[in-house]
Structure formats: C-alpha cells, structure tokens
Amino acid sequence: MQKHAVLSIRYSLYMPQSSSMWKIGRKVDGKEYQSKLFAAERLEKRRWLFKNITFPSLLNSIKNAPGVETEVHILTSSLLPPSEMDLLADIVRPYRMFKVISYEPQHANLKSNVADYANSLINGSMLASLRLDDDDALSGDFLSKLSDYMAPEFGGFVVSLCKGYAALLDASGKIVSMKEYTWRLGSAGLALINQKTEDAPEYSIYSMGDHTKIDGRCPVILDGRSPSLIRCFHDFNDSSPDFPAIKGRVLTETESHAALSAFSIDPRVWPQTRVL
C-alpha cells in the first residue's frame, strides 16, 4: 500500500477574503493588510526563519521516512516581490519534493493543492495532509511516526503529534529560551489521514476549519510520547505570541542545543550564552 504526505505551508499568501484569520490582517483594510504582509523587514525575517528552522527540519524528516512519498507545497502569492520569489526558489530548487505554488489573490486557497495531488494517486493509496507554518519545525522522526497512522482504519482521523518545544527568538532570529511544550491540536504538523477512493473525500487538513476545534468535527488521535515539533515565538508571528504564558520546564543551554540538533536546526540560531 502506497503512503503519501503533502505538507502545505502558507508563505506570505495574500488571501484578502480570509484576512481576519490572522493577527496581521485584523482591524485593517485590504491595502494596509497587503502592505504589512509584504513589508521588506517582515519578508526578510520570514525567509530567514524558513531557511534556517523549517526547511532543514523538513529535509531531515523526509530523509528519515523513505516509505512515505512526500511533497512540501509552499503556498505563496503572485504579489510576492520578484526578488523574494527568486530567493525562495533558490532555497528549495535542489529538492524536487519542494514545490512553490503561487496564487493570484482572487484564486488563493489552502485546499486545491492537496486535491490536485490526491487526484494523481491510485485508489487505495493513503494520504496525509499536513499543515505547517513557515517558522515552525518538525522532528527528524515526525513522518516516520505519522506513517504508523497512515492505514485504512484511520481514514478520516486527524493526528496531532503534540509534544515538543516552544522557542523564543530575539529580533535577530536567535533563540534566547526554550521550554518543554505540549500543543494539542496545534497547527504544527497537524495531519488529516484519508485513503484515496472513487468518492473523493475531502483530503486537505485545511478543510477541517479551526484547528483548535477539530475534535468536535472528527475523531482525533493525540500522540505525545516523544518530541515532534518546535513552535517559534517572535515579533513577526502571524498569531498572537504568548511565550511567557507557557508553563513548561525551561531547557538548559545544553538541552536546547541537543533538541535543536535533533531537529537539524542551523547552529546559527542556537543559544550561545545563557537561557532566559
């Protein structure tokens, strides 16, 4: 039985019809939302975080799950400045499993890319649709652990590999503190499992609506047995950051380095002196 996974990552995707879903688009008109989304400082920071945190973690996870055919779909906007589009393309160009998909504002959506992929599969194939922000990370064994749930008996289930770490970043993108963190039904790596069939169920995790309320719409598996995710907190979060409110144990510098190494995170973002 073939196993497939599609990770969908919003990368400065301009969706004016859904602007209120994210902090950056609330209480502003379309022009101001667009200006904030494509501000040079924001784009530079998001690109740096994606390149040094998200991207290497995904490469490692894909490498460690050879039994899962995986694509990473980076969903962005046709309005992304050409220079930024070129820099993004340069990051992923050597790796065929990474696809940059650009949408015109009036056609932007979060589901069609998964539907198109599903339509290319043979009936009976298992498909996991995952969501991930462009500044979060997945563990090296994330996809191999998820593979255990990619079976017909889990069709229609959502899987949340919810144990991991919260990381606080300073303005330069350097991690200054890490905590143990359990994010049940969090957006990082949240996966909808389905089997490809003729009647074509809804395949995209984004079809399930608000990720914090998914357990009211479908059966959910919470697996917090080992660290699977890193959620980053910084000034450019698209959702409200609340790192101080997290009650998890603060990691020592040595523990932080070990955790980040296990996620294949670039040493340039590691704490070098002390953990706050």
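The values are calculated or read from the model by the stated rules, or taken from the named source; none is laboratory data. All figures in this text were calculated on a predicted structure; none of them were measured in a lab. Quick reminder, even Gly has a Cβ in these numbers, built from the backbone with ideal geometry, and neighbours come from all protein chains shown.
Okay, here's what the table says:
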| read-out | value |
| --- | --- |
| Yes/no for Thr182 being among the β-branched types (Val, Ile, Thr) and closer than 30 Å to His257 by Cβ | yes |
| Any chance Ser61 is closer than 23 Å to Ser187 by Cβ, assigned to a strand (DSSP E or B) and touching a Gly at 6+ places or on another chain (Cβ under 8 Å) | no |
| Check on Ser129, assigned to a strand (DSSP E or B) and crowded, with 24+ Cβ neighbours inside 10 Å | yes |
| Residues satisfying the stated conditions in the stretch 81-100, i.e. touching a strand residue (DSSP E or B) at 6+ places or on another chain (Cβ under 8 Å) and either within 19 Å of His4 (Cα to Cα) or among the charged types (D, E, K, R) (or both) | Met97, Phe98, Lys99, Val100 |
| Qualifying positions in the stretch 169-186 - at pLDDT below 95 and either surrounded by 21 or more Cβ atoms within 10 Å (Cβ to Cβ) or not in a loop (DSSP other than H, G, I, E, B) (or both) | Leu169, Ile175, Val176, Ser177 |
| Whichever residue in the stretch 132-155 is among the charged types (D, E, K, R) and part of a loop (DSSP other than H, G, I, E, B) and, among such residues, is farthest from Ile175 (Cα to Cα) | Asp148 |
| Filter result for Val72 (surrounded by fewer than 21 Cβ atoms within 10 Å (Cβ to Cβ) and either on the phi < 0 side of the Ramachandran plot or among the charged types (D, E, K, R) (or both)) | no |
| Among residues of the stretch 187-223, those that are among the small types (Gly, Ala, Ser), exposed (fewer than 13 other Cβ atoms within 10 Å of the Cβ) and within 20 Å of the chain's Cα centre (by Cα), counted | 1 |
| Residue within the stretch 49-65 that is exposed (fewer than 14 other Cβ atoms within 10 Å of the Cβ) and of a type outside the set (Lys, Arg) present | no |
